[in-house]
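Right, one structure below, let's go through it.
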Amino acid sequence: MSKIQETIATAIYSAINGYNDSYTKIYNSLEPLNYCTVKVYRESKDIKLPSYAKEGDACMDVVATSIEWDSNRNRFICHTGLHFELPEDYEMELRPRSSNTKFRVIMANAPGTLDSGYRGELLVIFTPLDLEDKDSFPYKEGDRVCQLLVRRREKIIWEKVNSLEELSNSERGKGGFGSSGK
């Protein structure tokens, strides 16, 4: 059973069984929906856990423990020394930090997804926009190299229809790229 199902089932069970002060009991039963507990293994006790830079930030910053140049693929590999176990029905999204726009490297596969079944090290891959700039990689060991967001994922169930007319109408309709403005 997923976290949401279990939490809501507990709240409903509490309401049905008529606990005194049911509202407070149900409200408190739903509190776990505000948090996501993720198991994390650090290859060294000195490795910093991802953290929020400021109160209210959506994403946590991830720090590089070491950086290597992969000459076979012309890319930088930032090691984090972190391994995760996400709860059922959750995924981790890796995003570039906004400060990355100041540099001539791009975070490959951004945003990247770490699936709940993956237990390997979290690696952050960067590709230089200009191979002559590879010696001026902007990050070093201990720098924040990306940010992560953990969120619940929905399982997709396809409802097949037999004709385009079975899809509802919308304001945009079949309008393609740029049809809603710049």
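The values are calculated or read from the model by the stated rules, or taken from the named source; none is laboratory data. The structure displayed is predicted, hence computed values, not measured ones. Please note that ligands, DNA and RNA were not included when accessible areas were found on the heavy atoms of the full protein model with its side chains. Shrake-Rupley method; radii C 1.70, N 1.55, O 1.52, S 1.80 Å.
The angle between the Cα long axis of helix 3-16 and the longest principal axis of the Cα atoms of the chain comes to about 20 degrees, rounded to the nearest 10.
Rounded, prolate or oblate: which one fits the range 1-106, using the alpha carbon gyration tensor with axes a ≥ b ≥ c (rounded when a/c is under 1.5, else prolate when a/b beats b/c, else oblate)? Prolate, because a/c is 1.5 or more and a/b exceeds b/c. Taking the chain as a Gaussian network of alpha-carbon nodes connected by springs under 10 Å, the highest mean-square fluctuation of the residues 126, 76, 137 belongs to 137.
Shape analysis of the chain places it in the oblate category; the axes a ≥ b ≥ c from the Cα gyration tensor give an a/c of at least 1.5, with a/b not above b/c.
Averaging the sequence gap over all C-alpha pairs within less than 8 Å and six or more residues apart, then dividing by the number of residues, gives the range 99-182 a relative contact order of 22 percent. A 1.4 Å probe run over the range 36-182, with the rest of the protein chains in place, finds 71 Å² accessible per residue.
May I ask you to compute the full-extension gain from residue 6 to residue 167, defined as 0.36 nm times their residue separation minus their alpha-carbon distance, rounded to one decimal in nm? Before the final figure, lay out the partial values.
Numbers: separation 161, 0.36 × 161 = 57.96 nm, distance 3.36 nm.
Length gained, residue 6 through residue 167: 54.6 nm.
The listed residues 36, 146, once ranked by accessible area (1.4 Å probe) with the largest placed first, stand as 36, 146.
A 1.4 Å probe, protein heavy atoms only, puts the accessible area of residue 77 near 20 Å².
For 86, 149, give me the order by solvent-accessible area with a 1.4 Å probe, most accessible first, ignoring ligands, DNA and RNA. Please list the in-between numbers first.
On the way: 86 10, 149 35 Å².
Heavy-atom accessible area, descending, gives 149, 86.
Accessible area of residue 40 (1.4 Å probe, protein heavy atoms only, ligands and nucleic acids ignored): about 60 Å². For the range 1-146, relative contact order (Cα pairs under 8 Å, six or more residues apart, normalised by length) works out to 23 percent.
For the set 157, 16, solvent exposure ranked by accessible area (probe 1.4 Å, protein chains only) runs largest to smallest as 157, 16. Rolling a 1.4 Å probe over the protein chains gives residue 27 an accessible area of about 130 Å².
Fully extended, how many nm does the chain gain between residue 51 and residue 119 (0.36 nm per residue separation, minus their Cα-Cα distance)?
On the way: separation 68, 0.36 × 68 = 24.48 nm, distance 2.00 nm.
Additional length available on full extension: 22.5 nm.
Prolate is the label for the range 101-157. Its Cα gyration tensor axes, ordered a ≥ b ≥ c, give a/c of at least 1.5 and a/b above b/c. Here the chain exposes an accessible surface that is 50 percent carbon and sulfur, computed with a 1.4 Å probe and the other protein chains kept in place.
Each residue of the range 49-66 was assigned a 3J(HN,Hα) from its phi angle through the Karplus curve 6.51 cos²θ - 1.76 cosθ + 1.60 (θ = phi - 60°); the sequence is 6, x, 8, 7, 6, 9, 4, x, 4, 7, 10, 9, 7, 10, 9, 7, 8, 7 Hz, with glycine and proline shown as x. Using the rule -39500 (n - 2.57) for each DSSP H run of four or more residues, divided by the residues of the chain, the 222 nm mean residue ellipticity is -3500 deg cm²/dmol.
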